[in-house]
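Presented below is the structure to which this report refers.
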Amino acid sequence: MIDRALRAARAGEPVEEYLTELGLLNRPPVPEPDQAGRWIPAGGLPRTTLPTAVADDGPHALSGEHVCPRGACSRRERRRVGDQLPVCEVFDVALRFEAES
């Protein structure tokens, strides 16, 4: 089969039939209408782009500390879930979070 496909390709003839028989040319199935007449793609409706649902969707803590955003001081603060974001009183910006590794 491969030899025939190669000969056809070298002769400039169509090779789609050979490639399909070899399983190298997989065309998507043609969609068909459902019972209500709606056209549904073969293989079902497309998946959503939403992330997979998580069993526990509560807040989760990430270990680390908030530090001076400009590195000008040695201030380090830990924040718990639900607490306000700590703010640098010198530069009037939120402290930068550094996650523990």
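The values are calculated or read from the model by the stated rules, or taken from the named source; none is laboratory data. These figures come from a predicted structure and were not determined experimentally. Note that we place each Cβ from the backbone using ideal geometry, even for glycine, and neighbour counts take in every protein chain shown. We work out accessible area using only protein heavy atoms, side chains counted, and drop any ligands, DNA or RNA first. Shrake-Rupley method; radii C 1.70, N 1.55, O 1.52, S 1.80 Å.
Starting from the range 79-101, keep only residues that are touching a residue at least 12 places away in the same chain (Cβ under 8 Å) and in a loop (DSSP other than H, G, I, E, B), then list their pairs with residues that are open to solvent by less than 100 Å² (accessible area, probe 1.4 Å) and among the small types (Gly, Ala, Ser) whose Cβ atoms are within a distance under 8 Å, requiring at least 6 positions of separation or different chains.
80/61; 81/61; 85/94; 86/94; 90/72; 91/72; 100/63; 100/64
Which residues, taken from the range 46-77, are modelled with pLDDT of 85 or more, open to solvent by less than 90 Å² (accessible area, probe 1.4 Å) and not in a strand (DSSP E or B)?
63, 68, 69, 71, 72, 73, 75
Please work out which one of (1) open to solvent by 90 Å² or more (accessible area, probe 1.4 Å); (2) in a loop (DSSP other than H, G, I, E, B); (3) at pLDDT 85 or above is the condition residue 7 fails and give its number.
Of everything listed in (1) open to solvent by 90 Å² or more (accessible area, probe 1.4 Å); (2) in a loop (DSSP other than H, G, I, E, B); (3) at pLDDT 85 or above, residue 7 misses just condition (2).
Test residue 92 against the criterion of being loosely packed, with under 10 Cβ neighbours inside 10 Å, modelled with pLDDT under 80 and among the charged types (D, E, K, R), and give yes or no.
Against the criterion (loosely packed, with under 10 Cβ neighbours inside 10 Å, modelled with pLDDT under 80 and among the charged types (D, E, K, R)), residue 92 does not qualify.
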